[in-house]
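The values are calculated or read from the model by the stated rules, or taken from the named source; none is laboratory data. This structure is a prediction, so every number in the text was calculated from the model and none was measured. Note that each Cβ is placed from the backbone with ideal geometry, even for glycine, and that neighbours are counted across all protein chains shown.
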Amino acid sequence: MINHWTFRCKAVSELIPYCEIVTGVPCGYVICGASGDLTHRKLIPAVFSLFRAKKIPEQFFVVGFARSVMADSDFRQRVIDSLQQAYGEIAKTEIENFVMRCFYVVGSYDQDDGYRKLNEKLEELGRRFGTEGNLVFHIATPPSLYATIVSFLGKNGVVKRHQNEKAFHRVIVEKPFGQDLKSAVNLNKDLLKYLADEQIYRIDHYLGKETVQNILMFRFANQIFEPAWNRHYIDHVQITVAEQLGVEHRAGYFEQAGLLRDMFQNHMLQLAALVGMEPPVDASAESVRDEKVKFMKSIRSFDLEHLETQLIRGQYSGGEASGKNLTAYREEEGVAATSCIETYFAMKLFVDNWRWKDVPFYLQAGKRLKQKLSRIAVIFKKVPHSMFARNLKDLDPSPNVLFFEIQPRQRTSLHFQAKVPGAKMCLAPLKMELDYRDVFGTKMDEDYSTLILDCMLGDQTLYWRRDGVETSWKLLTPVLKKWEAESQEEKERMLERYAGGSWGPAAGNRFIEKDGRHWIVP
Ligand code: BG6
């Protein structure tokens with residue numbers, strides 16, 4: 001075990017000297033699926049935090065739209081509960097000022113009635129709160145309802161396609177965006193019947209995380225890393241997204257999806273694209289997304305005859321953590337006793353372009369792992385010749401590693417070799433670290449707040465574009481189809497169990513060790 005000495009970074013002189021502060025514009029925020037879990041865990045706390053920080057103006061209201069029968073007062077009580085759960089005690093005046101802007105409309109998603117009521121309500125609230133007709137719709141329902149809701153919003157004139165009108169109507173569509181290439185293409189087509197592409201905001205909440213956004217700044221606002229950011233200096237890239245939680249109450253969805261769809265088609269490929277893309281011409285949504293799509297198109301297709309060399313599937317069995325027994329996936333409520341759905345997944349990608357040819361990108365993600373951790377590691381090549389080898393008994397100095405830690409710690413660190421005082425010949429790896437909390441001292445914006453504010457501002461940089469979603473499905477769909485056609489016996493054979501609370505299946509280690517490398521875990 002090598003010890004790392006750490007020294008901290010300090011922000012240089014004036015903090016945040018180049019900062020573009022943006023605030024939202026008057027608008028109403030409509031949540032379709034307002035009685036659901038996402039609304040209360042994420043969306044309500046996110047808009048409240050924007051409102052509290054005055055990033056959105058007083059000309060603002062929230063409307064919840066869903067099938068459950070509720071009065072405004074019931075919805076408001078739920079809003080209060082979710083805010084208290086998210087933020088603990090909040091000043092009464094702050095809560096009151098927010099909650100008096102929250103309303104609820106009940107309606108079936110596939111009947112005109114509810115949408116008519118919604119329309120009337122939005123017109124009345126628009127006048128009352130002075131939102132100038134601007135509306136953001138957030139579709140947070142089960143995915144099978146996305147197209148239906150948008151078509152009913154469109155047919156009933158609740159959402160209007162932009163035609164040089166002054167007011168904006170924008171629609172945030174939750175993930176998963178499709179189940180495979182065909183369904184994603186169809187969903188895009190369905191939405192585009194009623195909306196222009198600039199009105200569609202395909203969300204990936206990982207892109208709203210500060211530490212994920214930092215990757216672009218780090219790479220393209222500094223000169224020193226970019227010349228080494230290629231196959232000549234980088235040995236490989238590792239992306240790990242580990243979760244401690246199991247499937248929880250989402251078995252219904254997860255049994256249909258599995259981890260490849262749930263985490264790889266979106267978050268994992270987005271992280272890989274941020275590390276691997278070419279420098280965009282500018283920071284506009286189109287330029288950034290052009291480069292991401294180009295990167296995804298350069299990913300080599302999987303060899304369907306030898307998938308096991310590139311892909312590993314695992315599923316958690318029972319385990320133990322902090323003295324508590326952990327349930328096996330197959331015993332979770334709503335999970336089939338013979339389910340072969342993967343809860344862990346590892347993937348090796350190759351990117352066929354001049355920058356990355358033959359540099360593997362190893363990606364792994366899993367549920368019910370040892371701890372929550374999302375981290376990218378860029379592992380540089382070893383020095384070509386170690387002049388210290390003779391004195392240090394052939395000890396091979398470890399290579400430089402650059403870490404982007406996304407959560408729970410939010411840090412960027414560079415590991416490098418340096419002389420340790422004392423013996424003439426003494427080397428040790430040191431860690432130069434930027435910890436966001438230490439340096440910036442404040443709690444950072446929640447991912448959803450950033451993204452919802454961007455939507456209100458009409459900025460699609462951190463949202464998926466149509467071709468991006470379709471390109472990522474194009475890569476993964478042949479694999480999904482192949483698996484779906486496998487016999488139960490074959491599925492069982494390819495699925496390795498791992499103890500809940502561990503770092504995943506042994507196969508996940510073997511597959512990277514075969515290449516003479518290993519996962520860097522804490
Ligand atoms: C979601 C997945 O997109 O991301 C979940 O559907 C997963 O299964 C979640 O738990 C992880 O997000 P975070 O921000 O907690 O890392």
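Sort out which residues of the stretch 191-211 are within 13 Å of GLU405 (Cα to Cα) and at pLDDT 95 or above, and write them in order of number.
TYR206
In the stretch 390-409, which residues are out of contact with any Leu (no Cβ under 9 Å at 6 or more places or on another chain) and at pLDDT below 90?
Kept after step one, since they are out of contact with any Leu (no Cβ under 9 Å at 6 or more places or on another chain), are these residues of the stretch 390-409: 390-391, 393-394, 396, 398-399.
Across the stretch 390-409, the qualifying residues are ARG390, ASN391, LYS393, ASP394, ASP396, SER398.
Against the condition more than 20 Å from SER374 (Cα to Cα) and part of a helix (DSSP H, G or I), how does ARG231 come out, does it pass? Walk me through how you get there before you give the answer.
Values: more than 20 Å from SER374 (Cα to Cα): yes; part of a helix (DSSP H, G or I): no.
In short, no.
Would you check which residues across the stretch 159-215 are touching a Cys at 6+ places or on another chain (Cβ under 9 Å) and either within 16 Å of the ligand (Cβ to nearest atom) or in a helix (DSSP H, G or I) (or both) and list them?
Scanning the stretch 159-215 gives ILE172, TYR201, ILE203.
For the stretch 242-261, give me each residue that is part of a helix (DSSP H, G or I), among the aliphatic types (A, V, I, L, M) and either within 11 Å of the ligand (Cβ to nearest atom) or within 23 Å of LEU475 (Cα to Cα) (or both). Please lay out each step first, then the result.
Residues of the stretch 242-261 that are part of a helix (DSSP H, G or I), as a first pass: 251-261.
Filter again for among the aliphatic types (A, V, I, L, M), leaving 251, 257, 259-260.
If the condition is that a residue be part of a helix (DSSP H, G or I), among the aliphatic types (A, V, I, L, M) and either within 11 Å of the ligand (Cβ to nearest atom) or within 23 Å of LEU475 (Cα to Cα) (or both), then ALA257, LEU259, LEU260 are the ones that fit.
Quick one: is ILE341 touching a strand residue (DSSP E or B) at 6+ places or on another chain (Cβ under 8 Å), assigned to a strand (DSSP E or B) and within 16 Å of the ligand (Cβ to nearest atom)?
Details: touching a strand residue (DSSP E or B) at 6+ places or on another chain (Cβ under 8 Å): yes; assigned to a strand (DSSP E or B): no; within 16 Å of the ligand (Cβ to nearest atom): yes.
No.
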